[in-house]
């Protein structure tokens, strides 16, 4: 069994599709980040475990989800139906390829982190301003951390305890970047696999708006300055 952390802010409209697409062996954990709609009730009615994260922020929701998760390997992904949970096994398989045989890293061996590289599928799936901001940040990350990533995608797979041991501090939009930076600095194996990126369901709060993208880029630039060597 693998817990899937789903940070959620007002995603009542998207959750039915997301939860219906969850593959066997993957257990949804919806982290309600002080939603003002019926997200928590919808998730619970559909059989998902719901965890409250009253302090707003993407990083705050992810951290609450990691603390609540109980499986060795965990996945994280958006709950807005822009990403298909059916592709999660691809990331977990890639994680196994990154790590040594035998169920994970042994003494002196580094864990792995796999990101889903978003491939737009459908008109309006990835607005130009959001794609440009992501590309700039990915180049900055690669330059500073020695990675070779194309995308800072929000669909990810890693080992829960290893993620918690990274000591991630950002509780806003800088959290995804901090995860990769600290993992790279710790010597983790980091890879990516292609995943489809669909037009999200409902109103966007981040990449679908210019202001949201600006806030996310600002948070990530701050993390770059604070964390990178």
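The values are calculated or read from the model by the stated rules, or taken from the named source; none is laboratory data. No experiment lies behind these values; they were computed from the predicted model shown. So basically every Cβ, Gly included, is an ideal-geometry build from the backbone, and we count neighbours across all protein chains shown.
Give the number of residues within segment 54-71 that are touching a strand residue (DSSP E or B) at 6+ places or on another chain (Cβ under 6 Å) and farther than 22 Å from residue 200 by Cα.
4
Which of the numbered conditions does residue 141 fail, given that it passes all the others? Conditions: (1) in contact (Cβ under 8 Å) with a residue 60 or more places away in the chain; (2) within 28 Å of residue 26 (Cβ to Cβ); (3) surrounded by fewer than 21 Cβ atoms within 10 Å (Cβ to Cβ).
Among (1) in contact (Cβ under 8 Å) with a residue 60 or more places away in the chain; (2) within 28 Å of residue 26 (Cβ to Cβ); (3) surrounded by fewer than 21 Cβ atoms within 10 Å (Cβ to Cβ), residue 141 violates only (3).
Show me the strands (runs of 3 or more DSSP E) entirely contained within segment 1-76 in which 1 or more residues are under 22 Å from residue 177 (Cα atoms) and in contact (Cβ under 8 Å) with a residue 40 or more places away in the chain. If you could, list the steps in order and put the result at the bottom.
Working: elements: 2-8, 26-32, 49-52, 73-76.
So the answer is 2-8, 26-32, 73-76.
Any idea how many residues of segment 176-196 are buried (at least 19 other Cβ atoms within 10 Å of the Cβ) and part of a helix (DSSP H, G or I)?
9
Would a scan of segment 157-175 turn up a residue that is surrounded by 23 or more Cβ atoms within 10 Å (Cβ to Cβ) and touching a strand residue (DSSP E or B) at 6+ places or on another chain (Cβ under 6 Å)?
For segment 157-175, residues surrounded by 23 or more Cβ atoms within 10 Å (Cβ to Cβ) and touching a strand residue (DSSP E or B) at 6+ places or on another chain (Cβ under 6 Å): present.
Can you name the number of the only condition in (1) part of a loop (DSSP other than H, G, I, E, B); (2) surrounded by fewer than 17 Cβ atoms within 10 Å (Cβ to Cβ); (3) at pLDDT below 90 that residue 200 fails?
(2)
Taking the stated definitions as given, is residue 127 surrounded by fewer than 22 Cβ atoms within 10 Å (Cβ to Cβ), touching a residue at least 12 places away in the same chain (Cβ under 8 Å) and out of contact with any strand residue (DSSP E or B) (no Cβ under 9 Å at 6 or more places or on another chain)? If you could, list the steps in order and put the result at the bottom.
On the way: surrounded by fewer than 22 Cβ atoms within 10 Å (Cβ to Cβ): yes; touching a residue at least 12 places away in the same chain (Cβ under 8 Å): yes; out of contact with any strand residue (DSSP E or B) (no Cβ under 9 Å at 6 or more places or on another chain): yes.
It is true that residue 127 is surrounded by fewer than 22 Cβ atoms within 10 Å (Cβ to Cβ), touching a residue at least 12 places away in the same chain (Cβ under 8 Å) and out of contact with any strand residue (DSSP E or B) (no Cβ under 9 Å at 6 or more places or on another chain).
Just checking, how many residues over segment 34-51 are farther than 23 Å from residue 1 by Cα and in contact with a strand residue (DSSP E or B) (Cβ under 6 Å, 6 or more places away or on another chain)? Explain how you work it out, then say what you get.
Taking segment 34-51 first, the residues farther than 23 Å from residue 1 by Cα are 34-39, 41.
From what's left, in contact with a strand residue (DSSP E or B) (Cβ under 6 Å, 6 or more places away or on another chain): 39.
Matching residues across segment 34-51 total 1.
Among the residues of segment 161-177, which ones are in contact (Cβ under 8 Å) with a residue 60 or more places away in the chain and either farther than 21 Å from residue 71 by Cβ or more than 13 Å from the chain's Cα centre (by Cα) (or both)? Reasoning before the result, please.
Taking segment 161-177 first, the residues in contact (Cβ under 8 Å) with a residue 60 or more places away in the chain are 161, 163-164, 168, 170-176.
Once the filter is applied, which keeps residues that are in contact (Cβ under 8 Å) with a residue 60 or more places away in the chain and either farther than 21 Å from residue 71 by Cβ or more than 13 Å from the chain's Cα centre (by Cα) (or both), segment 161-177 yields 161, 164, 168, 170, 171, 172, 173, 174.
Per-residue answers, yes or no, for (1) at pLDDT below 95; (2) out of contact with any helix residue (DSSP H, G or I) (no Cβ under 6 Å at 6 or more places or on another chain); (3) over 21 Å from residue 116 (Cβ atoms); (4) crowded, with 23+ Cβ neighbours inside 10 Å:
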| site | (1), (2), (3), (4) |
| --- | --- |
| 46 | no, no, yes, no |
| 49 | no, yes, yes, no |
| 69 | no, no, no, yes |
| 72 | no, yes, no, no |
| 75 | no, no, no, yes |
| 90 | no, yes, no, no |
| 99 | yes, yes, no, no |
